[in-house]
């Protein structure tokens, strides 16, 4: 069994086997998507996804663009 | 004649900015945006649905290489949320030109000017080019320009109300005092409202609901395109003076009975 941790993802409790933000994106199948991530209220640059670890209790916001005025 | 719309470091031929909300599907968003011949389209930032992350996205239809994407802070009710939202948008697409709107309450969707000013100060300091939604208040418009916003966008009437321009006089006053472009945002209901805004001297208009809620979205998009062009030309051409009484169009001499 891979080790899983609990994080808070987009306001919900979420169990992930990913160790980094890059791992989380791949777990969700969002590699090709135009998204942005905030970790504990700080925006994480794309260049740091692979080097940013996920730690139990992290508050992650994962956003994209939708229709709006 | 070249009559381009310059905002910050960007330059456009079109003076019609469109929104992307309320459409029945992405295909219609795309069709109406093309019909409007818009070059700039505003989009909202929201959480990815984690239970269905692979779902298709609007940007699969609206190509960010073809259009200037203008991320907005729709739904934000305080400065902190607005700033967070636009920082995320900048990271998502590299977009530096943004639409700031901080709302006061859900019934009126009127701007919260105090929070708008706070957010504008932070965003300008962080290097954003801020197009800012605000009230039709000339004093606030000037303040937002002084902060360094690249465009001021007074409302014509509440968002989604389609009631036209509540206070044309203020739009004119705001335009005459401003050095940055003035964009009438919110309240446009039909083509004549858009033309009227442009005749008053607005540099552009931003329209969403009036197109998205039309029975024929693409036809209304074309109507808005033409209205914006007509209003702009009328403004540049310079309208005739209004008179209290008639002024004959034909010569008043050489009558056959003289």
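The values are calculated or read from the model by the stated rules, or taken from the named source; none is laboratory data. Since the model is a prediction, treat every value here as computed from it, not as a measurement. Positions of Cβ are backbone-derived with ideal geometry, glycine not excepted, and every protein chain shown enters the neighbour counts.
Observations, loosely collected:
- Among the candidates B:188, B:174, the residue that is within 28 Å of residue B:23 (Cα to Cα) and touching a helix residue (DSSP H, G or I) at 6+ places or on another chain (Cβ under 6 Å) is uniquely B:188.
- Filter pass, residue B:198 being crowded, with 21+ Cβ neighbours inside 10 Å and outside any strand (DSSP E or B): yes
- Taken together, the criteria place residue B:6 among residues that are under 15 Å from the mean Cα position of the chain (by Cα) and either part of a loop (DSSP other than H, G, I, E, B) or surrounded by fewer than 24 Cβ atoms within 10 Å (Cβ to Cβ) (or both).
- For residue B:42, the conditions (1) within 7 Å of chain A (Cβ to nearest Cβ); (2) touching a helix residue (DSSP H, G or I) at 6+ places or on another chain (Cβ under 9 Å); (3) not in a loop (DSSP other than H, G, I, E, B) are fulfilled apart from (2).
- Of the residues making up the stretch B:20-39, those that are out of contact with any helix residue (DSSP H, G or I) (no Cβ under 7 Å at 6 or more places or on another chain), in a loop (DSSP other than H, G, I, E, B) and surrounded by fewer than 21 Cβ atoms within 10 Å (Cβ to Cβ) are B:24, B:25, B:39.
- Qualifying position, being assigned to a loop (DSSP other than H, G, I, E, B) and either on the phi < 0 side of the Ramachandran plot or in contact with a strand residue (DSSP E or B) (Cβ under 8 Å, 6 or more places away or on another chain) (or both), among B:184, B:180: B:180
- Residue B:4 meets the conditions (1) touching a strand residue (DSSP E or B) at 6+ places or on another chain (Cβ under 9 Å); (2) in contact (Cβ under 8 Å) with a residue 12 or more places away in the chain; (3) more than 30 Å from residue A:42 (Cα to Cα) in every case but one. The failed one is (2).
- The residues of the stretch B:11-21 that are within 10 Å of another protein chain (Cβ to nearest Cβ) and either under 22 Å from residue B:81 (Cβ atoms) or free of Cβ contacts under 8 Å to residues at least 60 places away in the same chain (or both), listed by number, are B:19, B:20, B:21.
- Of all residues making up the stretch A:12-39, the number that are assigned to a loop (DSSP other than H, G, I, E, B) and either more than 12 Å from the chain's Cα centre (by Cα) or more than 12 Å from chain B (Cβ to nearest Cβ) (or both): 6
- The strands (runs of 3 or more DSSP E) found wholly in the stretch B:59-140 and carrying at least 3 residues that are within 17 Å of residue B:20 (Cα to Cα) occupy B:68-71, B:97-100.
- Residue count for the stretch A:28-48, restricted to those that are surrounded by 13 or more Cβ atoms within 10 Å (Cβ to Cβ) and touching a strand residue (DSSP E or B) at 6+ places or on another chain (Cβ under 7 Å): 9.
- When residue B:106 is tested against (1) within 21 Å of the chain's Cα centre (by Cα); (2) within 20 Å of residue A:44 (Cβ to Cβ); (3) surrounded by fewer than 19 Cβ atoms within 10 Å (Cβ to Cβ), exactly one condition is not met: (2).
- Of the residues making up the stretch B:9-28, those that are closer than 17 Å to residue B:216 by Cα and over 17 Å from the mean Cα position of the chain (by Cα) number 6.
- Failed criterion for residue A:56 (all others in (1) facing chain B (nearest Cβ under 10 Å); (2) in a loop (DSSP other than H, G, I, E, B) hold): (1)
- With respect to the conditions (1) more than 8 Å from chain A (Cβ to nearest Cβ); (2) part of a strand (DSSP E or B), residue B:55 falls short on a single one, namely (2).
- Residue within the stretch B:229-245 that is at pLDDT 95 or above, in contact with a helix residue (DSSP H, G or I) (Cβ under 6 Å, 6 or more places away or on another chain) and surrounded by 22 or more Cβ atoms within 10 Å (Cβ to Cβ) present: yes
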